[in-house]
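The structure appears right after this line, and notes come after that.
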Amino acid sequence: MKALRWIGAAAVWAVAIAAIIPATVEPLRCNDLEAVVEQRTLALNRIVGQQLRVADQARRNIDQVRPCMTGHVNRYMLAASNARMVNDNATAAALYREALRYDNRPEVYLNLGLAESANGEDAAAVQHLTTACLYDPEMVNEIEKHHQEVQQNVWNYQLRMEELKRTRR
Amino acid sequence: MKPRPANRLRRPFSRQLLWWVVAASAIAVPLFYSPAGHDGFRLPKELLLRASAIAILAALATMAILDGPRALLARLPRGKVAWVAGGIAAWTLITTAFSTNRLVSWPAVIYTATLLAFFVGAYVAIGDRGAKPLLVVALCGAIPNALLAILQRTAIWNPFHLDPGNALLTAHLRTTALLGNANDVGSYLLPVAVATAIWALVTRRAGWWAAAGVVVAGLMASEALSAIGGFFAGCIAVMLLIPRRGKTLRWTAIALLVIAAAGIVTVGRQRFATIGVAIHEADYPTLTSQRIFPIAIAWDMFTQRPLTGQGPGTFKYHYLEYRMRFNERHPQWIFAGNENYAQAHCDHLQLLAEEGILGYALFAAALWLIARCARKGPQEETRGGFARVAALPLATSFAVLALGAFPLELAAPSQTMLYFAAAILRWSDDDEGA
């Protein structure tokens, strides 16, 4: 009977150790991987020319970070950034939309708008770019296509705020 | 060799094992970090705490298997403690079911379950131990962090090669210890500083005073105003519990109070200089170091859904949307503080925003349960003596800390507070049962 209890206890610990791997070890590995992919992505952004090499590394970055993405906005953004490097703007936009399910950051809206703009989804692009720039007007400087339109939306918003300020004095 | 006291029973292996797991967790979590990780500090600590919680559940199951289920059930939290802990678990699930974003709330459920598992494990394990091993374990994590914070703050040594030429990286920002952020350092060291200072007051031994001195110095080095304010509040609470005849104790407590006050003045002097102007100009963003925005938005979120809140973990998800609405009501501030806050920087309000009035009531009940263990009377070098004196200061200091920081969202500070809370509640329950 005593031996059975010890076997039972050992079985419990075996299950616990097996549970710790996906609960802790795997997320720690993903945390380290995220740092590596981030450095690689920044380095790729600085490369001029050598498109084949950039595309090859970008695809590897996406494949490596994809299993670790769920629930981590920064990892979706890394994957999307690499997707844009291989001109896969549709995938990039889908990844940014997935990121927005977890966090409504203005930089996600900005990057989504830029990806949609490159993908020809102009109406959605203007909407998302405007959302980003209403929150942080300096983001307008990062927009090329639709710059005037978004800038006008931001100015209209700021004028409306000035009007509200005046009426509330 | 010293003979073992006759009344000290050999602890069964399962209870020894549980204590080792709890102690290892309490030591390792504050010290663990991932130098190669994207998030080097907060996420690794949370993940290690999660692993500890799984190990604690395994240790509790081992106790039930080896010693029988009754042996475990007799040691589990009971009465009001069980009701509040159970209430927190149940309410977290209910608010997640009603959450405005369940995707974001489920990780918060796992985090809450992790903390509850640690608390239950500590409550069961600490029943066999005294105040000395309790504090030694806590100090194993606190002293290295305190010493490192002091070395970083005084620019003597910093193992993390932060950009030395960057003028924006002030001494405060460089004081990361092994927690990653000066405010996190303050939040973590606060409960250890209060508990160790109290034990030093009770025992009046030089060794404990030295340990308390190091931890308090580390707390001051962090320059975390909320944590130093919490220490000040804890010192006031200690003064309330010292008997009238305890002159030495009273003067010692006053000395601690003066140190805490000096800390607040030293850290806050730059802010005090601008406070007068900010009050005069009704410049609330400057007055509150831009914290007015997350605080006001947390209140808005609460008023929208006062019963169940927006859902656990949803504050940062809704921040942008609520900030835009806030701008409509306060257009004079649309260009101020447009940082996207992930935390409200006030756990009281964040709880209200995320879990509603009942969620906050459970938090208040938990603090009250700890505080009510306080008793005035002679200081005894016993577990009950520690619990009686430490209860009110720990509860008060944590409540004050939560006014300007977010310790509940951080693994190391939450774990440390729960560790001491488990000891206080367990030893008070044992005293009442005796």
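Okay, residues lined up against (1) open to solvent by less than 20 Å² (accessible area, probe 1.4 Å); (2) in contact with a helix residue (DSSP H, G or I) (Cβ under 7 Å, 6 or more places away or on another chain); (3) aromatic (Phe, Trp, Tyr):
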{"position": "B:His345", "(1), (2), (3)": "no, yes, no"}
{"position": "B:Tyr360", "(1), (2), (3)": "no, yes, yes"}
{"position": "B:Cys373", "(1), (2), (3)": "yes, yes, no"}
{"position": "B:Glu381", "(1), (2), (3)": "no, yes, no"}
{"position": "B:Gly385", "(1), (2), (3)": "yes, yes, no"}
{"position": "B:Leu401", "(1), (2), (3)": "yes, yes, no"}
{"position": "B:Met417", "(1), (2), (3)": "yes, yes, no"}
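Within region A:49-73, the set of residues being farther than 10 Å from A:Val37 by Cβ and either within 14 Å of chain B (Cβ to nearest Cβ) or in contact with a Phe, Trp or Tyr (Cβ under 6 Å, 6 or more places away or on another chain) (or both) comprises A:Met69, A:Thr70, A:Gly71, A:His72, A:Val73.
Condition check ((1) part of a loop (DSSP other than H, G, I, E, B); (2) modelled with pLDDT of 90 or more; (3) open to solvent by 40 Å² or more (accessible area, probe 1.4 Å); (4) within 28 Å of B:Leu408 (Cβ to Cβ)) across all residues:
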{"residue": "B:Ala155", "(1), (2), (3), (4)": "yes, no, yes, no"}
{"residue": "B:Leu162", "(1), (2), (3), (4)": "yes, no, yes, yes"}
{"residue": "B:His172", "(1), (2), (3), (4)": "no, no, yes, yes"}
{"residue": "B:Val185", "(1), (2), (3), (4)": "no, yes, no, yes"}
{"residue": "B:Ala193", "(1), (2), (3), (4)": "no, yes, no, yes"}
{"residue": "B:Ala210", "(1), (2), (3), (4)": "no, yes, yes, no"}
{"residue": "B:Phe231", "(1), (2), (3), (4)": "no, yes, no, yes"}
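Checked against (1) modelled with pLDDT of 95 or more; (2) closer than 17 Å to B:Leu115 by Cβ, B:Gly356 passes all but a single condition, namely (2). When B:Val214, B:Val238 are checked against the criterion of being assigned to a helix (DSSP H, G or I) and either surrounded by fewer than 23 Cβ atoms within 10 Å (Cβ to Cβ) or of a type in the set (Phe, Trp, Tyr) (or both), B:Val214 stands alone in meeting it. Figure legend. Inter-residue proximity from region B:10-25: first residues within 15 Å of B:Arg75 (Cβ to Cβ), second residues open to solvent by 50 Å² or more (accessible area, probe 1.4 Å) and assigned to a helix (DSSP H, G or I), beta-carbon distance below 7 Å, spacing 6+ or different chains. Indicated pairs: B:Pro12/B:Asp67; B:Ser14/B:Asp67. Does B:Leu349 qualify as being farther than 22 Å from B:Leu103 by Cβ, surrounded by fewer than 20 Cβ atoms within 10 Å (Cβ to Cβ) and out of contact with any strand residue (DSSP E or B) (no Cβ under 9 Å at 6 or more places or on another chain)? Taking the combined requirement at face value, the residue does not satisfy it. The listed residues are B:Pro30, B:Pro77, and the only one of them that is more than 9 Å from chain A (Cβ to nearest Cβ), outside any helix (DSSP H, G or I) and open to solvent by less than 30 Å² (accessible area, probe 1.4 Å) turns out to be B:Pro77. Filter region A:69-82 down to the residues that are touching a residue at least 24 places away in the same chain (Cβ under 8 Å) and surrounded by fewer than 20 Cβ atoms within 10 Å (Cβ to Cβ) and list them by number. Passing the criteria: A:Gly71, A:Asn74.
Scanning region B:319-343 for residues that are more than 10 Å from every other protein chain (Cβ to nearest Cβ) and at pLDDT below 85 turns up B:Ala336, B:Gly337.
Out of B:Ala155, B:Ala108, B:Ala131, one residue alone is within 14 Å of chain A (Cβ to nearest Cβ) and either in contact with a helix residue (DSSP H, G or I) (Cβ under 8 Å, 6 or more places away or on another chain) or β-branched (Val, Ile, Thr) (or both). It is B:Ala108.
The values are calculated or read from the model by the stated rules, or taken from the named source; none is laboratory data. Note that this is a predicted model, so its numbers are computed, not measured. When we count neighbours, we look across all protein chains shown, and the Cβ atoms used for this are built from the backbone with ideal geometry, even at glycine. Surface areas here come from the heavy atoms of the whole protein model, side chains and all, with no ligands, DNA or RNA. Shrake-Rupley method; radii C 1.70, N 1.55, O 1.52, S 1.80 Å.
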